[in-house]
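The values are calculated or read from the model by the stated rules, or taken from the named source; none is laboratory data. It should be emphasised that the depicted structure is a prediction, and the values quoted were computed from it without experimental measurement. Note that we place each Cβ from the backbone using ideal geometry, even for glycine, and neighbour counts take in every protein chain shown. Accessible surface is based on the protein model in full, side chains and every heavy atom, while ligands, DNA and RNA are left aside. Shrake-Rupley method; radii C 1.70, N 1.55, O 1.52, S 1.80 Å.
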Amino acid sequence: MDEAKRKAKAVVVGGSIAGISCAHALIAAGWDVVVLEKTPSAPISSATGAGLGIDPLSQKLIRSWLNQPQALEFSTLPLTIDHEQATDWDKKITWTLTRDENFNFRAAHWADLHSLLYNALPQGVVLWGHFFLSFSVSDAKSVKVSAEVIQSGDTIYIEGDLLVAADGCLSSIRKTLLPDLKLRYSGYCAWRGVLDFSGNENSETILQLKKAFPELGKCNYFILGVGTHSILYELFNKRMNWIWYVNQPEPDLELQLKSAET
Ligand SMILES: Cc1cc2nc3c(=O)[nH]c(=O)nc-3n(C[C@H](O)[C@H](O)[C@H](O)COP(=O)(O)OP(=O)(O)OC[C@H]3O[C@@H](n4cnc5c(N)ncnc54)[C@H](O)[C@@H]3O)c2cc1C
């Protein structure tokens with residue numbers, strides 16, 4: 001093909017929220033895109049997982065990528081308010097630290113957002129079940145990427161003009177480019193989850209939660225205590241997103257993984 005007419009090609013590694021979003025942005029800018037994702041198939045909606053807070057600029061971008069922009073409203077809940085409060089457990093008192101009535105985020109479940117974005121991509125952009133192996137830069141202009149097709153064990157090679165590392169916080173591409181970079185511990189560990197309370201709307205737990213946090217459904221609650229903080233907001237389809245952070249010294253994850261294996 002005439003080099004001048006050839007579309008520039010990007011290889012995106014990682015087909016989660018960042019990778020799929022990158023694919024949309026690049027396609028909108030006129031690029032040819034292939035996404036390599038090691039997961040065998042597109043994830044389907046699940047009750048467990050994570051909530052994501054989408055800020056106004058991200059909402060605008062996501063709507064511009066969707067065939068039906070209003071689909072974002074249909075599968076997310078508003079987070080109009082951001083309410084930050086402190087709690088003294090001993091005295092059993094709570095007071096407001098800050099309150100933003102124009103927060104204007106939206107609350108999405110990871111799998112719902114992923115489906116929305118993925119289904120709006122042209123077919124064939126994402127290669128599921130492809131494990132990125134390595135890349136090499138042959139001249140200053142092009143990059144050659146190798147990946148294993150997990151099902152067959154074959155290795156494939158893809159040439160592109162741009163490599164995007166959307167392979168998560170432990171990115172192997174970043175390790176290749178920045179071998180000496182050490183991740184910095186943020187000072188706390190976090191647990192998170194999604195409670196599906198459909199069918200249990202009138203359970204004691206949900207009624208008490210709604211009593212303590214009456215604006216769930218439109219509000220992001222950030223709750224600060226001594227040595228801990230947590231985040232609570234409701235998701236579409238009767239699900240509650242919670243994150244609980246505990247300040248603690250950095251755990252030795254490698255040691256814990258080894259002892260879990262034995
Ligand atoms: C407790 C907690 C709370 C959080 N809360 C929020 C929040 O409220 N809002 C928010 O925006 N973010 C939040 N985050 C962060 C958010 O989860 C991450 O920023 C987000 O998931 C990162 O998305 P990503 O697409 O960059 O990476 P990931 O979701 O980690 O995706 C990386 C992808 O790359 C693929 N991959 C990796 N290696 C390879 C390989 N060799 N070959 C092929 N594929 C590969 C993986 O399978 C995966 O699909 C939170 C994180 C934590 C831990």
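Values as computed for the structure displayed
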| quantity | calculated |
| --- | --- |
| Failed condition for residue 37, given (1) within 26 Å of residue 160 (Cβ to Cβ); (2) free of Cβ contacts under 8 Å to residues at least 40 places away in the same chain; (3) of a type in the set (Asp, Glu) | (2) |
| Tally, over the range 120-132, of residues that are outside any loop (DSSP other than H, G, I, E, B) and in contact with a helix residue (DSSP H, G or I) (Cβ under 9 Å, 6 or more places away or on another chain) | 2 |
| Lone qualifier among 215, 204 - being open to solvent by 70 Å² or more (accessible area, probe 1.4 Å), among the acidic types (Asp, Glu) and outside the structural domain of residue 17 (by TED's automatic domain parsing) | 204 |
| Test set (1) over 30 Å from residue 214 (Cβ atoms); (2) more than 13 Å from the ligand (Cβ to nearest atom); (3) part of a strand (DSSP E or B) - residue 34 fails condition number | (2) |
| So residue 206, is it in contact (Cβ under 8 Å) with a residue 60 or more places away in the chain and of a type in the set (Val, Ile, Thr) | no |
| Per-region count, the range 128-164, residues open to solvent by 40 Å² or more (accessible area, probe 1.4 Å), near the ligand (Cβ under 9 Å from one of its atoms) and either touching a residue at least 40 places away in the same chain (Cβ under 8 Å) or under 27 Å from residue 67 (Cβ atoms) (or both) | 1 |
| Test for residue 76: is it touching a strand residue (DSSP E or B) at 6+ places or on another chain (Cβ under 7 Å), in the same structural domain as residue 237 (by TED's automatic domain parsing) and either β-branched (Val, Ile, Thr) or within 16 Å of the ligand (Cβ to nearest atom) (or both) | no |
| Residues located in the range 13-65, provided they are in the same structural domain as residue 160 (by TED's automatic domain parsing), crowded, with 22+ Cβ neighbours inside 10 Å and among the aliphatic types (A, V, I, L, M) | 13, 20, 23, 33, 35, 36 |
| Among (1) away from the ligand (no atom under 14 Å from the Cβ); (2) at pLDDT below 95 - the single one residue 86 does not satisfy | (2) |
| Members of the range 100-128 found to be farther than 25 Å from residue 237 by Cβ and assigned by TED's automatic domain parsing to the domain that holds residue 220, listed by number | 100, 101, 102 |
| Residues of the range 244-262 classified as under 20 Å from residue 184 (Cβ atoms), modelled with pLDDT of 95 or more and either aliphatic (A, V, I, L, M) or part of a strand (DSSP E or B) (or both), total | 3 |
